[in-house]
Amino acid sequence: MAMQKTGAPSWADAFQNILKLEESRGFDNKAVMGGLDKFVQRWAEEMAAQASGVGDEAFLLKESYDSMSAKVRAQWVEQWRGAIGDAAAAKPAATPAKKRPAAKKAPGTTKAPAAKKASAKAPTSEVNVDAPVDRLRGVDTKLTARLKRLNVETIRDLLYLFPRRHEDYSTAVKIANLVPGEECTVIATVWEAREVAKGPRGGRRDTEAVLSDDSGNMRAVWFGQKYLARTLKPGSQIAVSGKATVFRGQLVFDNPEYELLESSVPGVPGGSGVHTGRLVPIYPLTEGLTRRNMRRLTWQAVQNWLGGLEEVLPGTILKRTKLMPLLDAVHQAHYPKDKDTWELARRRLAFDELFTLQLAVLARRRMQRNGVKGIEIVAPSDVINGFYSKLPFPMTNAQKRCIAEIEADLRQGTPPMSRLLQGEVGSGKTVVALSALLSVVAAGYQGAMMVPTEVLAEQHFQSIGNLLSGLARPVQEPHLLSVYLEHLDRPVTIGLLTGSSRAPVKRELTKMAADGTLDILVGTHALIQEGISLPKLALAVADEQHRFGVMQRSALQERGQETPHTLIMSATPIPRTLSLTLFGDLDISTIDEMPAGRQEVATKWLDPEQRDTAYGFIRKQVEEGRQAFVVCPLVEESETIEAKAATEEYQRLSGEVFPDLSLGLLHGRMSSKDKDKVMRQFRDGELDILVSTPVIEVGIDVANATVMLIDGADRFGLSQLHQFRGRVGRGQHKSYCMLLSDSVSEIARERLSALERINDGFQLAEVDLELRGPGDFFGTRQSGLPSLRMAHISDRPLLELAREEAGKLIEEDPELKAPEHAAIAAQVARFVDQASANVA
């Protein structure tokens, strides 16, 4: 850490850490929660005294850091580091920063050999783990781009890219004692190695080697790796790990992991036991990255850069929880001594994830509820009962339970309700939300509902109209509905406002909202634009929670003069274990019962050769007057590539497969206006088939659509597949979901098989969580949740421990501004930053 002037104030320690982190992040104003302006505001008096006579006080204290360019921010940071006595900033060459301590050696681990020669890319005396990943030896522009697809841009990212699993090659055996099918390691001598031609016309060049020890000999084959024939010199020592098989009576290792024991590969000391003879890490990969490449890079990061990580947990928490120190944990998570040590490392890192998440959640809950007065809603019971009696269907017990939970919150008033209403597509969330909105209106207040797309806004407006169809309507226009509720002496008015509403409509609804004569406003982001005033707003409803950032929901709340209640609806069933973690700032109501008569969608997983059969089935359904969705494969690394692929598939289907039918295209790169136009055409029956990227997941309600064909189904999670399936089966006709996949991993096989068997969304959510882990539960583009890499569904006791410790820390230091909590505050800030970036 940089040196500091004697007698520097205590806040300066935290500020130095923040400035250092801000510099490493490229001056993005995200090194501290709320930005640097908020920090300066909090410590204004102390900082004014420190800046006096040192630099440009107006520049340091009065100018908004948020409004500065990156270049000016760099000057501001440099001046402040000088003002608080950061010698490293003032004289970088003369006073090098003190090197952080190296990772402690875990019990039983061996010390890695020192690098023979310092490289130009080796870390300097200050180990900055937030440096770009290309600081590692052997990382060029191409490799940097590939790592970015794995969300690895810095060395810290690489250190936290933990293995998916480990292969146990720790058992060393003699060749004579090999058991076919068992994982093991053999230390042997290379007798000979040669290049051989295989495959049609000798197109594939393999390496075959004969290996021996003092008990016997065996053969090893590396497919398509002809260069190894030159690398494996006769007489050299080699370790090979894998499973032996028997071929024509002889023991063979096919494509084993290998390690030359007498030489070194750049970044991997010879005989270090990275690829063999241990629990060997298996990392997530992407095109152009091999397992050995990833191990070479992570080994380099662990050996040379690990000391740059800072222990974030206060000593008191480490002592109470008896958790492994952070540096040991990261080392052992990648290259563990044994399975027990790996589990101890995993436990520590899982605790960090859950602890950080809980701190973020508790801080948000405290901010929302601390001294915030809500609105007491006491609605005449006869008015709401009159609404229930006119519904065109009986409500389920689950709907009634959720309504009771919401009404209890509304009656209590303070703190304002913050509740998540979850239930899968078709479970009846809209009627529960409408009941709450009408309760608010009957008590003399206003309500609002915000949704992500114009088509969804129109759907909700139409659904509300259908639910109120049994009531007299003095006004019924495309954008305005007025109905009489029994025992209420005035009509209830409901308006529809979207980005494309005509100017006269906007003026009318804005005026009605402002003067209080509009009771419920349904719409899109237009609701949160300046100029829309709802002075008596008491309930804000947001549909599809994960599509809205926290700031958007907060802005909707701020449309009223008092703090309104918030109800968030989500069609993604979330397992209880995960919901307690993710939504600690929300109370949760669950509709876990489907209305009577809701049909199950027949689901079939098809082989690749059945593609034409699937197209034939779609044609037959269209001939019977139905419509179909075709969802194109997910392309994780690029929405642009995904859109291009969808466009090509649309052209192929419309030109070659269904030239006589009417097809539409929907993808994420289209403007909102164009998306809404296509969705309206499909809804109105102008299109037979809608070809779409995964944006259709939150989409349109088309009762006439009976077929959902999902191409590349293995690339999606179970919950997302279930969401797609929920887009059909919404009318009276039998509906079908077909899953197409060209290549299926074992996990994808389990996932697709589960979707065939299970129709219950909550049951599928539990299966999905077990198969994929909480970090991937929602899918990267829409979660609003940073990846939880090490926390498991079975970590309930650890979650409780993390919640308890987070509660104690927040009670002791609510804003995490104590100098000793600077590291954990920075970690929470990174977490919140990542969460915000993940919201679609």
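Some notes on this structure:
- Region 459-496: number of residues that are within 27 Å of residue 425 (Cα to Cα), in contact with a Phe, Trp or Tyr (Cβ under 9 Å, 6 or more places away or on another chain) and among the hydrophobic types (A, V, I, L, M, F, W, C): 6
- Where strands (runs of 3 or more DSSP E) fall wholly inside region 556-606, the ranges with 2 or more residues that are at pLDDT 80 or above, open to solvent by 10 Å² or more (accessible area, probe 1.4 Å) and touching a strand residue (DSSP E or B) at 6+ places or on another chain (Cβ under 8 Å) are 587-590, 602-606.
- Breaking point among (1) in contact with a helix residue (DSSP H, G or I) (Cβ under 7 Å, 6 or more places away or on another chain); (2) closer than 30 Å to residue 812 by Cα; (3) part of a helix (DSSP H, G or I); (4) not β-branched (Val, Ile, Thr), for residue 365: (1)
- Pairs, first over 18 Å from residue 296 (Cβ atoms) in region 135-153, second among the charged types (D, E, K, R) and open to solvent by less than 80 Å² (accessible area, probe 1.4 Å), C-beta under 7 Å, six or more apart: 151/157
- Pair list, Cβ under 8 Å, 6 or more apart: region 809-821 residue over 15 Å from residue 361 (Cβ atoms), other residue of a type in the set (Asp, Glu) and part of a loop (DSSP other than H, G, I, E, B): 821/813
- Taken over region 468-502, residues that are among the small types (Gly, Ala, Ser) and either in a strand (DSSP E or B) or in contact with a Pro (Cβ under 9 Å, 6 or more places away or on another chain) (or both) amount to 5.
- Screening region 622-731 for helices (runs of 4 or more DSSP H) wholly inside it with 1 or more residues that are farther than 21 Å from residue 598 by Cα and open to solvent by less than 20 Å² (accessible area, probe 1.4 Å) returns the ranges 639-652, 672-683.
Condition check ((1) without any contact (Cβ under 8 Å) to a residue 60 or more places away in the chain; (2) not aliphatic (A, V, I, L, M)) across all residues:
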| site | (1), (2) |
| --- | --- |
| 485 | no, no |
| 490 | yes, yes |
| 497 | yes, no |
| 510 | yes, yes |
| 516 | no, yes |
| 519 | no, yes |
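- Restricting attention to region 644-693, the residues that are closer than 22 Å to residue 614 by Cβ and touching a Ser or Thr at 6+ places or on another chain (Cβ under 6 Å) total 6.
- Among residues of region 370-402, those that are outside any loop (DSSP other than H, G, I, E, B) and touching a strand residue (DSSP E or B) at 6+ places or on another chain (Cβ under 8 Å), counted: 3
- Answer residue from region 392-402, given it is among the hydrophobic types (A, V, I, L, M, F, W, C) and open to solvent by less than 10 Å² (accessible area, probe 1.4 Å) and is nearest to residue 435 (Cα to Cα) among those: 402
- Applying a threshold of 6 Å to beta carbon distances and a minimum spacing of six or more residues, or different chains, the list of pairs starting in region 353-365 at a residue that is touching a residue at least 24 places away in the same chain (Cβ under 8 Å) and hydroxyl-bearing (Ser, Thr, Tyr) and ending at one that is assigned to a helix (DSSP H, G or I) and open to solvent by less than 10 Å² (accessible area, probe 1.4 Å) reads 356/828.
- Entry remark, region 403-457: residues being in a helix (DSSP H, G or I), of a type in the set (D, E, K, R) and touching a residue at least 60 places away in the same chain (Cβ under 8 Å) number 4 in total.
- Qualifying residue in region 280-300 (condition: under 30 Å from residue 819 (Cβ atoms) and either part of a helix (DSSP H, G or I) or open to solvent by less than 20 Å² (accessible area, probe 1.4 Å) (or both)): no
- Members of region 321-352 that are open to solvent by 20 Å² or more (accessible area, probe 1.4 Å), touching a strand residue (DSSP E or B) at 6+ places or on another chain (Cβ under 8 Å) and at pLDDT 90 or above: 342
Matching residues to (1) within 28 Å of residue 677 (Cβ to Cβ); (2) open to solvent by less than 10 Å² (accessible area, probe 1.4 Å); (3) β-branched (Val, Ile, Thr):
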site: 408; (1), (2), (3): no, no, no
site: 427; (1), (2), (3): no, yes, no
site: 432; (1), (2), (3): no, yes, yes
site: 445; (1), (2), (3): no, no, no
site: 456; (1), (2), (3): yes, no, no
site: 462; (1), (2), (3): yes, no, no
site: 467; (1), (2), (3): yes, no, no
site: 470; (1), (2), (3): no, no, no
site: 479; (1), (2), (3): yes, no, no
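- If you go through region 211-236 and pick out every residue that is crowded, with 17+ Cβ neighbours inside 10 Å and touching an Asp or Glu at 6+ places or on another chain (Cβ under 6 Å), you end up with 2.
- Residue satisfying condition, being modelled with pLDDT of 90 or more and either part of a helix (DSSP H, G or I) or farther than 28 Å from residue 640 by Cβ (or both), within set 756, 750, 766: 756
The values are calculated or read from the model by the stated rules, or taken from the named source; none is laboratory data. Predicted model only: the values in this text are computed from it and were never measured. Reconstructed Cβ throughout: ideal geometry from the backbone, glycine too, with neighbour counts over all protein chains shown. Ligands, DNA and RNA are stripped out before the accessible areas are found, and what is left, the full protein with its side chains, is counted by its heavy atoms. Shrake-Rupley method; radii C 1.70, N 1.55, O 1.52, S 1.80 Å.
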